[in-house]
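Visitor: Handing you a structure now.
The values are calculated or read from the model by the stated rules, or taken from the named source; none is laboratory data. Keep in mind that what you see is a predicted model, and the values were worked out from it rather than measured. Cβ atoms come from the backbone with ideal geometry, glycine included; neighbour counts cover every protein chain shown. In case anyone asks, the SASA skips ligands and DNA or RNA and just uses the protein heavy atoms, side chains included. Shrake-Rupley method; radii C 1.70, N 1.55, O 1.52, S 1.80 Å.
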Amino acid sequence: MAIFLHIIFSFPTVIFTGLLALVMLYWLIAITGLLDTDVLDQMLLGDGDAVDAGGLAALLNKIGLGRVPLTIIVSLLVLSAWVISFAGTRLLMPQAGLIAIQFLIGTAITAAALIGGLLCTIVLLRPVHAMLRHIPPEGEPTIIIGRTGVIRSGTATPEAGQAIIEDGGAGLLLQVRTSNGSLPRGTKVVVIEQLPEHNAWRIVSEDEFTNG
């Protein structure tokens, strides 16, 4: 146990230990519904108008992770890098010697952990990307409009939200937006409009839709 604690709190593994702690904290908060699972997509990809956001989306598509939420990608990347860094530190890092040598070896382990973590993430999440490909592209709004579903995120607002939309199968997990106000988790909704500029769909509650 002492060796384990020494490794995770020493260079270079301590870098990934800190990142892993942040990831775990995020998921603990997300479980409560206070944060959506697409929070990083909102922060980094936004509405897709920025050049940087478009470049990131293109890169994700190129490596086969275009439809996977960034939170899942980052979480698995950090976890994989932490495991590789821990193993590399345990096997390669000298316990004594010149600090400069330890720093060079630690830097090499950090680089290897990042590269190895990215490769592991791509390999593990590509099947997920393949399963998500059944979500209709932007050019097919009539497949979705008029369908009913249930809010899955903590809330759905004009800025963010997720809902499971019935498709006759397992359901489609879509990014959704309300016209105004918020709808809590579990609210039954109806899709009324596609929002291509946000890569999302406009929804209203089933009661509002029924009552006109």
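To keep it simple, each residue is scored yes or no on (1) of a type in the set (Phe, Trp, Tyr); (2) exposed (fewer than 12 other Cβ atoms within 10 Å of the Cβ); (3) at pLDDT 65 or above; (4) not in a helix (DSSP H, G or I).
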residue: 25; (1), (2), (3), (4): no, yes, yes, no
residue: 30; (1), (2), (3), (4): no, no, yes, no
residue: 35; (1), (2), (3), (4): no, no, yes, yes
residue: 44; (1), (2), (3), (4): no, no, no, no
residue: 48; (1), (2), (3), (4): no, no, no, yes
residue: 58; (1), (2), (3), (4): no, yes, yes, no
residue: 61; (1), (2), (3), (4): no, no, yes, no
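Visitor: Additional query: Using the structure shown, decide if residue 52 is open to solvent by 40 Å² or more (accessible area, probe 1.4 Å), charged (D, E, K, R) and either touching a Gly at 6+ places or on another chain (Cβ under 7 Å) or at pLDDT below 75 (or both). It would help to see each step written out before you state the result.
Guide: Values: open to solvent by 40 Å² or more (accessible area, probe 1.4 Å): yes; charged (D, E, K, R): yes; either touching a Gly at 6+ places or on another chain (Cβ under 7 Å) or at pLDDT below 75 (or both): yes.
Judged against the criteria, residue 52 is a match.
Visitor: Evaluate region 2-9: report whether one residue or more is part of a loop (DSSP other than H, G, I, E, B), exposed (fewer than 12 other Cβ atoms within 10 Å of the Cβ) and at pLDDT 90 or above. Walk me through it before giving the result.
Guide: So the first thing to find is which residues in region 2-9 are part of a loop (DSSP other than H, G, I, E, B), and the list is 9.
Retained after the next criterion (residues that are exposed (fewer than 12 other Cβ atoms within 10 Å of the Cβ)): 9.
With at pLDDT 90 or above added as a condition, the list becomes 9.
Among the residues of region 2-9, at least one is part of a loop (DSSP other than H, G, I, E, B), exposed (fewer than 12 other Cβ atoms within 10 Å of the Cβ) and at pLDDT 90 or above, which makes the answer yes.
Visitor: Taking the condition of being assigned to a strand (DSSP E or B), of a type in the set (A, V, I, L, M, F, W, C) and over 19 Å from the mean Cα position of the chain (by Cα), how many residues in region 163-200 meet it? I'd like the intermediate steps shown before the answer.
Guide: Residues of region 163-200 assigned to a strand (DSSP E or B): 163-165, 172-178, 183-184, 188-195, 200.
If we keep only those that are of a type in the set (A, V, I, L, M, F, W, C) as well, we get 163-165, 172-174, 176, 183, 189-192, 195, 200.
So of that shortlist, the ones also over 19 Å from the mean Cα position of the chain (by Cα) come out as 165, 183, 189-192, 195.
Count: 7.
Visitor: If you scan region 86-130, which residues turn out to be surrounded by 12 or more Cβ atoms within 10 Å (Cβ to Cβ) and at pLDDT below 80?
Guide: 128, 129
Visitor: Still on this structure, I have one more. Taking region 74-85, which residues are closer than 15 Å to residue 6 by Cα and either touching a residue at least 40 places away in the same chain (Cβ under 8 Å) or open to solvent by less than 50 Å² (accessible area, probe 1.4 Å) (or both)? Let's see the steps before the verdict.
Guide: Just the residues of region 74-85 that are closer than 15 Å to residue 6 by Cα, to begin with: 82-83, 85.
Those that are closer than 15 Å to residue 6 by Cα and either touching a residue at least 40 places away in the same chain (Cβ under 8 Å) or open to solvent by less than 50 Å² (accessible area, probe 1.4 Å) (or both): 82, 85.
Visitor: Right, another one. Find all pairs meeting these conditions: Cβ atoms under 9 angstrom apart; at least six residues apart or on different chains; first residue within region 115-131 and under 9 Å from residue 77 (Cα atoms) and of a type outside the set (Ser, Thr, Tyr); second residue modelled with pLDDT of 90 or more and not in a helix (DSSP H, G or I).
Guide: Nothing qualifies.
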